[in-house]
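*Asks:* The structure is given below, and queries will be raised subsequently.
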Amino acid sequence: MSDTPRLVVGPFNRVEGDLEVHLDLAGGRVAAARVNSPLYRGFERMLEGRAPSDALTLTPRICGICSISQSAAAARALGAAMGLAPTDQGAWLAALIHAVENVSDHLVHFNLFFMPDFTRPCYAARPWYPRAVARFAAIEGQAGRAAIAARSGLMHILGLMAGKWPHTLALQPGGVTRTPGPRDILRIQTELRMFRKHLETQVFGGRLEDFAALASVADLLRWDRGDAGLFVEIAADLDLDRLGRGAGRYLSFGAYPLAEGHGFAPGLWQAGAVTAPDMAVIAEDLSHAWMLGGTAHPFDGVTRPDETMRAGAYSWCKAPRLGGQPVEVGALARQLIDGHPLARDLAGGGVLARVAGRLLELARTQLLMETWAAALDPGAVFMVQGRMPETGAGAGLVEAARGSLGHWLRIEGGKIASYQIIAPTTWNFSPRDAQGVPGPLEAALVGAPVAPGEDSPVAVQHVVRSFDPCMVCTVH
């Protein structure tokens with residue numbers, strides 16, 4: 001194995017969908033990586049020719065993990081085509097529903113997807129290993145069981161307000177179908193208090209406000225409480241700050257759009273500054289994807305699979321670019337662009353940065369949800385109706401747990417003429433573009449150590465999982 005210059009890692013466990021990573025090795029490290037999404041599903045083709053409102057039913061089926069994110073994007077795209085915006089209270093309730101899904105996703109990723117990798121026997125000599133096993137071992141770990149129970153309680157809010165999860169139809173272009181009564185609001189606030197208790201006793205070992213107030217990496221490294229403290233100790237011991245660093249360009253479409261602004265601001269971070277991203281310069285490059293057609297903006301793009309799987313291409317995933325450059329998306333991007341000082345100090349990226357960004361967002365989103373729940377008014381209007389145009393177009397830009405999600409819709413003759421989607425993992429796990437520039441994960445894997453004889457390198461797995469991959473939404 002040590003003499004083999006190439007290695008194929010996959011399929012990965014604890015990843016939603018199929019994933020292969022092809023590695024070129026040199027000197028015991030990754031010299032180059034090619035990320036393959038080996039599954040094509042065709043949701044964008046399924047939508048062509050259908051009634052526009054069918055998007056609200058079909059797109060959430062892209063992924064059962066982040067189905068509300070797909071609902072929110074579809075509702076926003078339809079609303080843009082209709083010239084319809086949610087009511088103020090409808091936007092608040094939609095944000096709360098969406099945030100419940102996102103924080104549930106963060107909690108499950110940390111406890112069941114990411115941290116169990118540190119219970120592997122290769123770490124048995126580390127001083128933190130017995131605590132990691134007690135908290136995060138598969139099936140038996142205390143943290144995983146507690147997280148599942150806490151998530152179940154929080155999702156009672158979705159039962160009340162969204163009707164069901166996944167695949168709700170409660171989010172509509174004009175708001176939310178359910179008007180909460182006083183008892184509903186009390187129940188929501190009670191569930192949020194219980195979830196806060198779990199976060200403060202198990203995840204953070206302290207007040208959310210204290211963790212949210214951390215202003216630097218040095219502050220973070222002094223946090224020694226709860227499971228977050230155990231992660232920080234492990235990260236410092238294994239130098240996870242340096243592992244998996246990216247190119248330093250981050251994008252957020254803005255999370256939780258409200259009348260007064262976003263819960264977390266939109267923007268593009270590069271060269272140490274935030275600017276407003278130009279959505280007109282988004283384009284999907286197909287040079288290394290098993291897709292037919294040319295580079296195009298999603299409004300003009302097509303999804304036609306190359307059934308010959310031509311040589312030179314190596315993934316069903318397109319390569320989205322912003323102004324010709326790859327960008328990383330996710331919780332770290334949102335917190336950095338929103339201006340949080342800890343996230344700004346973590347801007348260099350790496351495994352520590354991505355997971356810390358997710359923990360920071362978990363704490364800050366809980367605070368937002370409590371604010372939104374307190375502002376709900378049972379006497380307000382939560383949805384308005386509108387008319388679907390015979391011809392029109394609209395984009396729905398939202399933030400799923402894993403990052404920026406966009407739906408681009410064109411309507412002709414009262415039917416869907418084109419529906420294009422760029423999901424978070426499409427940004428992060430994209431293949432090379434026509435200039436040979438790798439996608440964010442491919443770039444972040446360069447330099448990861450691979451021990452002699454290691455056929456499933458643990459460092460590579462840490463980097464992959466730090467992005468929180470969801471391959472089922474990558475190629476729709």
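Coordinate-derived values only; no laboratory data. Computed from a predicted structure; not experimentally measured. Cβ placement follows ideal geometry from the backbone for every residue including glycine, while neighbour counts extend to all protein chains displayed.
*Asks:* Pull out a ≥ b ≥ c, the square roots of the eigenvalues of the alpha-carbon gyration tensor of the stretch 184-264, then state rounded if a/c is under 1.5, prolate if not and a/b is larger than b/c, and oblate in the remaining case. Working shown, then result.
*Replies:* Working: a/c = 2.65, a/b = 1.26, b/c = 2.11.
Oblate, because a/c is 1.5 or more while a/b does not exceed b/c.
*Asks:* Between residue 120 and residue 138, 0.36 nm times their residue separation minus their Cα-Cα distance comes to what? Provide the component values of the computation, followed by the final result.
*Replies:* Values: separation 18, 0.36 × 18 = 6.48 nm, distance 1.03 nm.
This chain segment gains 5.4 nm when fully extended.
*Asks:* Arrange the peptides 384-391, 201-208 so that the one whose residues have, on average, the most other Cβ atoms within 10 Å appears first.
*Replies:* 201-208, 384-391
*Asks:* Counting pairs of Cα atoms in the chain, how many percent are more than 29 Å apart?
*Replies:* Cα-Cα pairs in the chain separated by more than 29 Å: 46 percent.
*Asks:* How long are the semi-axes of the ellipsoid equivalent to the stretch 380-462, from square roots of 5 times the Cα gyration tensor eigenvalues, in whole Å, largest first? Can you show the working numbers first?
*Replies:* Numbers: eigenvalues 343, 59, 17 Å².
The answer is 41, 17, 9 Å, longest axis first.
*Asks:* Taking 8 Å as the Cα distance limit and 6 or more residues as the minimum spacing, I'd like the relative contact order of the chain as a percentage.
*Replies:* Reported as a whole number, the value is 26 percent.
*Asks:* Can you pull a Stokes-Einstein diffusion coefficient for the stretch 256-334 at 25 °C (0.890 mPa s), Rh from Kirkwood over Cα pairs, as a whole number of µm²/s?
*Replies:* Approximately 168 µm²/s, per Stokes-Einstein.
*Asks:* Could you grab the Rg to Rh ratio for the stretch 113-155? Cα atoms only, Kirkwood for Rh.
*Replies:* Value, to two decimals: 1.07.
*Asks:* Starting from one equal scatterer on each C-alpha and no solvent at all, send me the Debye-based log10 I(q)/I(0) for the stretch 215-255 at q = 0.19, 0.24, 0.31, 0.35 Å⁻¹, two decimals.
*Replies:* -0.72, -0.86, -1.00, -1.13
*Asks:* Right, something else. Over all Cα pairs of the stretch 266-406, how is the pair count split among 5 Å bins, expressed in % and running from 0 up to the last occupied bin?
*Replies:* Per 5 Å bin, starting at 0, the Cα pair percentages come out as 2, 8, 13, 14, 14, 14, 14, 11, 6, 3, 1, 0, 0.
*Asks:* Turning to a different aspect of this structure: So what is the diffusion coefficient of the stretch 62-210 in µm² per second by Stokes-Einstein at 4 °C and 1.567 mPa s, using a Kirkwood Rh over Cα pairs?
*Replies:* Estimated via Stokes-Einstein, D reaches 76 µm²/s.
*Asks:* From the Cα gyration tensor of the stretch 1-150, with a ≥ b ≥ c the square roots of its eigenvalues, which class applies: rounded if a/c is under 1.5, or else prolate if a/b is larger than b/c, or else oblate?
*Replies:* Since a/c reaches 1.5 but b/c is at least a/b, the shape of the stretch 1-150 is classed as oblate.
*Asks:* When the Kirkwood hydrodynamic radius is evaluated over all pairs of different C-alpha atoms of the stretch 142-230, what value in angstrom, to one decimal, is obtained?
*Replies:* Kirkwood hydrodynamic radius for the stretch 142-230: 15.1 Å.
*Asks:* Related question: Per residue, what volume in Å³ does the convex hull of the Cα atoms of the stretch 43-93 enclose?
*Replies:* 73
*Asks:* Which shape class applies to the stretch 296-359: rounded if a/c is under 1.5, otherwise prolate when a/b exceeds b/c and oblate if not, where a ≥ b ≥ c are the square roots of the Cα gyration tensor eigenvalues? Before the final figure, lay out each step's value.
*Replies:* On the way: a/c = 3.50, a/b = 2.28, b/c = 1.53.
Judged from the Cα gyration tensor, the stretch 296-359 comes out prolate (a/c at least 1.5, a/b above b/c).
*Asks:* Indicate, rounded to the nearest 5 percent, the antiparallel portion of the DSSP beta bridges found entirely in the stretch 221-330.
*Replies:* Values: 17 of 19 bridges.
Of all bridge pairs located within the stretch 221-330, approximately 90 percent are antiparallel.
*Asks:* Let me check the size of the stretch 327-476 from its C-alpha atoms; what are the radius of gyration and Dmax in Å?
*Replies:* Rg then Dmax for the stretch 327-476, in Å: 19.7, 66.
*Asks:* Tell me the mean residue ellipticity at 222 nm calculated for the chain from its helices only (DSSP H runs of n ≥ 4, each -39500 (n - 2.57), averaged over every residue, nearest 500).
*Replies:* Counting only the DSSP helices, I get -10500 deg cm²/dmol.
*Asks:* To continue, here is another question. Above 18 Å lies some portion of the pair distances; for the stretch 79-163, what is it as a whole percent of all C-alpha pairs?
*Replies:* 57
*Asks:* Moving on. In whole Å, largest first, what are the principal axis extents of the Cα atoms in the stretch 377-419?
*Replies:* 39, 32, 10
*Asks:* Next up: Per the Kirkwood definition applied to all pairs of different Cα atoms, how many angstroms is the hydrodynamic radius of the stretch 182-318? Show your work: numbers first, answer last.
*Replies:* On the way: mean 1/r = 0.0503 Å⁻¹.
It is 19.9 Å.
*Asks:* How big is the stretch 7-84 along each principal axis, measuring the range of its Cα positions in Å and listing the largest first?
*Replies:* Per principal axis, max minus min of the Cα coordinates gives 57, 23, 20 Å.
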